[in-house]
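FYI, it's all coordinate maths here, none of it is from the lab. Quick caveat: nothing in here was measured; it's all calculated off a predicted structure. Backbone-built Cβ (ideal geometry, glycine too); neighbour counts: all protein chains shown.
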Amino acid sequence: MAKVIMVQGTMSNAGKSLLVAGLCRVFAQDGYRVAPFKSQNMALNSFITKEGLEMGRAQVMQAEAAGIEPSVDMNPILLKPTNDHGSQVIVAGKVLGNMEARDYFSYKKNLVPDIVAAFGRLEEKADIIVIEGAGSPAEINLKENDIVNMGLAHLVDAPVLLVGDIDRGGVFAQLLGTMMLLTEKEKKRVKGLVINKFRGDVTILEPGITMLEEKAEVPVVGVVPYMSVTLDDEDSLAESLLPKDMDLINIGVVRLPRLSNFTDFSALDQIASVSVHYVRDPYEIEKMDMVILPGTKNTMGDLAWMRESGMESAVKKFAQYGPVFGICGGYQMLGQRIADPEGIENVIKADGSEGLRGLELLPMETVLKPEKVRTQTSGSMEITEGALAGFSSHRIHGYEIHMGETMAVDAIKPLCHLDQKNDVVCQERDGGQRDNVYGTYVHGIFDDKDVAYDLCRLLAEKKGLTLQAEADTDYQSFKESQYDLLAEGIRKSMDMDAVYAMLQDAAI
């Protein structure tokens, strides 16, 4: 049976995901078969496995750190918010349905068998399972029937590392306050405290650590520094979404209210002299060299926001002279119309019709359907029109995850020619291009070797500039180096002997 350790945090964005990834990497480097696990994840960034199942990006990142293939068993429940009070509920990689928050709170205990089954399958394959909690275990209004923090720890008999974020301040109050709100049974599960994102001289912390250990009656097993590693992030608080200075090449991603899968642009952001800006102000659009409409969990709602905020006008004006690229929901927005005859997104106009006018930049229409398309895909991208003409014959590998079918209403060239699979019925073509406007359903289209660099090089040439040559534009190799840096930081800053001792039964 696999040994288990769990990482819980004092709040969202305390660094749980990266700490789990770092531990996965350390255990893998030490020769163990290791797997990440998060019973319930709430995120708009998701991934499609080779089996065509949907899971959270954080567990994909952690699986990469562990050196294994992502599996939906690592994230059996995924919640994708559709609005401020409801989410699409995905169980074992497939859509269960949309639920209001209160309804899901009452229903979630019915999903315990799915969690236990997924965890059991992982146990058969792994020596060590590193579990990630969600938010905080001290959310007293959510503790009833908990399935992701202490409730899960009790279910699988896991020791807990509690992580606090010192970068935001108040870390001692975070850790001690969380401990005070736990029951005696829950407190006994916490075997170590971790102070995360520290900057400065660690000796200055020593008096505080001593007092914290005395009051919490739990040892501090690590003061992890603020590490400059670049890895995929699924959280809306991700630093990649924060404002940046202008650079040689500037790519503007419209920051939609229900922005999803912003990891699609991570490879672009790693190129020297290139900055990816997440833009909410229409007046910023004209400063960009390229504008991207990203994926969204609520295409029609975000399209309405584009119209109301003035972003639609700004993007359409930009398309007259610069490249506009849409992915997934952003691709759907570029068409003439999005129809919703079955009320998938529940957008009904005043005249009783369902649907919205699109940006009318590509001659196509989308009909939303209840069945979600979930598949990995590969092929070639060939751009022959507009500002990006000549960006051709690039191999792409990615995945599709969308609810809807898009059809041309006038002659339009495809953006991608997809590979056919003997055992899977799939389309031969994807996306479209006309003038300066391009669209595709393929997530991860910029991740493959040279694609991101060549795109940015072309944008630079259009400005009469030369982009610095990249020694290695393989984004996957870059990520591997970042996992190694993360593991090195964990080894230096945490008492790994103490961590190994916490693993159930200790003697692995």
Sorted on mean Cβ neighbours within 10 Å (highest first), peptides 49-56, 190-197, 404-411 come out as 190-197, 49-56, 404-411
For the range 1-75, whose charge dipole is built from +1 on Lys and Arg Cβ atoms and -1 on Asp and Glu Cβ atoms, the candidate among Asn41, Leu18, Asn75 with its Cα farthest towards the positive end is Leu18
Calculate how steeply helix 57-66 sits against the longest principal axis of the alpha-carbon atoms of the chain, using the helix alpha-carbon long axis, and give the answer as 0 to 90 degrees to the nearest 10.
-> 60
Could you tally the net charge around Gly120, taking each other residue with its Cβ under 13 Å from the Cβ of Gly120, Lys/Arg +1 and Asp/Glu -1?
-> -2
In whole angstrom, the spacing between the Cα centers of the range 1-67 and the range 98-140 equals 13
Which percent, nearest 5, of DSSP beta bridges in the range 1-139 are antiparallel?
-> 55
Between Gly301, Thr263, Val315, whose Cα lies farthest towards the positive end of the dipole of the range 249-318 when Lys and Arg beta carbons carry +1 and Asp and Glu beta carbons carry -1, centred on the Cα centre?
-> Gly301
Hey, how many Å between the Cα centroid of the range 248-315 and the Cα centroid of the range 438-486?
-> 18
So for the chain, taking the charge dipole from beta-carbon charges (+1 Lys/Arg, -1 Asp/Glu), which of Met407, Ala469, Leu122 sits furthest toward the positive end?
-> Leu122
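Which of the residue pairs Lys38/Lys125; Lys16/Lys80; Lys108/Lys372; Lys94/Lys188; Lys297/Lys462; Lys185/Lys492 have a Cα-Cα distance greater than 25 Å in the structure shown? Before the final figure, lay out the partial values.
Numbers: Lys38/Lys125 16 Å; Lys16/Lys80 19 Å; Lys108/Lys372 22 Å; Lys94/Lys188 36 Å; Lys297/Lys462 33 Å; Lys185/Lys492 31 Å.
Among Lys38/Lys125; Lys16/Lys80; Lys108/Lys372; Lys94/Lys188; Lys297/Lys462; Lys185/Lys492, the Cα-Cα distance tops 25 Å for Lys94/Lys188; Lys297/Lys462; Lys185/Lys492.
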Counted charge near Gln29, where neighbours are those whose Cβ lies closer than 15 Å (Asp, Glu -1; Lys, Arg +1) | -2
So, how do all the Cα-to-Cα distances of the range 282-334 break down into 10 Å bins, in percent, from 0 on up?
-> 26, 59, 14
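With +1 on each Lys and Arg Cβ and -1 on each Asp and Glu Cβ, and nothing else charged, work out how big the dipole of the chain is about its Cα centre, in Debye to the nearest 20. Walk me through the numbers before you get to the answer.
On the way: 51 positive and 75 negative charges, 118 e Å.
About 560 debye.
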